Amino acid sequence: MAKDPIEIKIDNKAVNERLLELAKRGENLRPLMKNIAGIFASSTEENFKEEGRPDKWTELADITKEKRRKKNKWPGQILQVEGQLAASVNTQYDNDSAVIGSNKDYAAIHQLGGLAGKNKKVEIPARPYLQLTDDDFDEILDATEKFLK
């Protein structure tokens, strides 16, 4: 192995100008992050509408359907008895990040699944509503490429 590193210097005006242009664009990523947050929001709305993507959410338990039926809330959509969870989902973005989430106490149990109820005896299956599909990732990559052009 050589002791001295090999250095390659790019001495091409067009390449240097393009690299400088990309660096300047990288100083203000806020418009890109806003766009990505919008993709997050659209994807989440579609997840609620489709009741899971790409895989459908686990069906409601028969006892849950019966309780909802007695309250005239069934048939209906999974995770949308009153629509509060879907309505609570919000995005935030700044120059360096885009984030989506919910401030509802019960949001995580529906996203991740787990035990709930008195004495934690009720098992809630994961129904990931904050989930991106391969198409969503492609859309984010396309948006990034367009931003950098």
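Below, the figures for the structure above:
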item	result
Assigned charges on the beta-carbon of Lys, Arg, Asp, Glu; the chain dipole about Cα centre (debye)	940
Inter-probe distance in nm under a simple model that places probes 7 Å from Cα toward Cβ, at Glu46 and Gln92	2.6
GNM flexibility winner over the chain from Ala41, Ala87, Ala107 (Cα, springs under 10 Å)	Ala87
In sequence order, calculated HN-Hα J values of the stretch 140-149 (Karplus, 6.51, -1.76, 1.60; Hz; x Gly/Pro)	5, 5, 4, 4, 5, 4, 5, 5, 7, 7
Helix-only mean residue ellipticity at 222 nm for the chain, each DSSP H run of n ≥ 4 adding -39500 (n - 2.57), per residue, nearest 500	-14500 deg cm²/dmol
Highest-fluctuation residue, Asn103, Asn12, Asn90 considered, GNM on the chain with Cα pairs under 10 Å	Asn12
Most fluctuating residue given options Pro75, Pro31, Pro125, as computed from a GNM of the chain linking Cα atoms under 10 Å	Pro75
Leu60, Leu141 arranged by Cβ crowding within 10 Å, fewest neighbours leading	Leu141, Leu60
All aspartates and glutamates inside 19 Å of Lys67 as judged from Cα atoms, apart from same-chain residues fewer than 8 positions distant	Glu59, Glu82, Glu123
Set of lysines with alpha-carbon distance to Lys24 below 27 Å, sequence-local pairs under 8 removed	Lys9, Lys13, Lys34, Lys146, Lys149
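Quick note: the coordinates plus some simple rules give every number you see, no bench work behind them. Remember, predicted model here, so these are calculated numbers, not experimental data. All Cβ positions, even for glycine, are placed from backbone atoms using ideal geometry, and neighbour counts span all protein chains on display.
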